[in-house]
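All remarks here apply to the structure that follows.
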Amino acid sequence: MIGDITRVASAVASWTSLGVKLPKQLAAAIDVYEAVKYVEVGYPVEFDLSAVTPQNAEAMVHDYAARLVPSLSVIDGRTSALHEAKLRALGAAANQVVVLARSAAGEVAKLLIPEFNQAATEFAEAVQALPEDLTPESLVKAGAAVLAEYHRAVEAQKRIAAVDSWVASLDGIPGLAAEHPIELRVLRPATGQLQALARVRDLPRRERELFGQLNPVWVTAARKGIEFGPNLPREAADIAARTRALATPVAAR
């Protein structure tokens, strides 16, 4: 269980690379978690024989014992007290990070929207200027201006992908997690469009390669005019349920 919560906390700790100012309490909790995470407990405890004299021998041995005990395998014959202490402290720190992340997710999403919207706009504009086939040969043939738009789309995609990864990190947080199609992390399709995105997501590798470095689902969304926007897991699940319900014929309900 501690391993599960630390994996989630480590994912939350990566939020510091998003380029937005995290809520103060969450940022402080991440700092504590990272500090505990990198506490060294596996180092050998050395005995400095060169410092021993007939007069201090007893004191030196007692001191060595005091330093040695925490590192000995005394719990279940496997784990040292020092290692167990770190494990429990890390679990407590991780839990604090996850609890605060749950309450901060909505606020962080709002902070991400301006940069995300700019990246999505640049991506969509660039994609509209590209040929249907995005192989290296077709791009070179299309000319320097089109090639420049392709690279513009690649750079904008990196910023969209950062938010997509952030939404993915929410899937492990109790109270936020909800089952949803991965394409809905950063897309808000209307009725009938979700199925089209799913088909593109499941394209065989050979066909995906026709999109070059670009995400086929996001390229398709840009070409179809589908709205880009970050969705919390439960919001994504609601979009999926709504679009599927509206797409179901009345007679079949």
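The values are calculated or read from the model by the stated rules, or taken from the named source; none is laboratory data. This is a predicted model, so every value here is computed, not measured. Every residue, glycine as well, gets a Cβ built from its backbone with ideal geometry; the counts of neighbours run over all protein chains shown.
What the table shows:
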quantity: Leu100 surrounded by 11 or more Cβ atoms within 10 Å (Cβ to Cβ), touching a helix residue (DSSP H, G or I) at 6+ places or on another chain (Cβ under 7 Å), at pLDDT 90 or above and of a type outside the set (Val, Ile, Thr); calculated: yes
quantity: Candidate set: the range 191-212, residues that are basic (Lys, Arg) and surrounded by 13 or more Cβ atoms within 10 Å (Cβ to Cβ); chosen: the one nearest to the chain's Cα centre (by Cα); calculated: Arg201
quantity: Which numbered condition Glu84 misses (of (1) modelled with pLDDT under 95; (2) within 30 Å of Arg205 (Cβ to Cβ); (3) charged (D, E, K, R)); calculated: (2)
quantity: Residues satisfying the stated conditions in the range 119-148, i.e. closer than 30 Å to Val108 by Cα and either of a type in the set (Val, Ile, Thr) or buried (at least 16 other Cβ atoms within 10 Å of the Cβ) (or both); calculated: Ala119, Ala120, Thr121, Glu122, Phe123, Ala124, Ala126, Val127
quantity: Near pairs, Cβ below 6 angstrom, 6+ apart or cross-chain, from the range 168-195 (over 26 Å from Leu100 (Cα atoms)) to any residue that is of a type in the set (D, E, K, R); calculated: Glu183/Arg201; Arg188/Glu227
quantity: Looking only at the range 11-31, and only at residues there that are assigned to a helix (DSSP H, G or I) and surrounded by 17 or more Cβ atoms within 10 Å (Cβ to Cβ), the one that is nearest to the chain's Cα centre (by Cα); calculated: Ala11
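Residues checked against (1) under 30 Å from the mean Cα position of the chain (by Cα); (2) polar (S, T, N, Q); (3) in a helix (DSSP H, G or I); (4) at negative phi:
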residue	(1), (2), (3), (4)
Glu40	yes, no, no, yes
Glu46	no, no, no, yes
Ser50	no, yes, yes, yes
Val61	no, no, yes, yes
Arg67	no, no, yes, yes
His83	yes, no, yes, yes
Lys86	yes, no, yes, yes
Ala92	yes, no, yes, yes
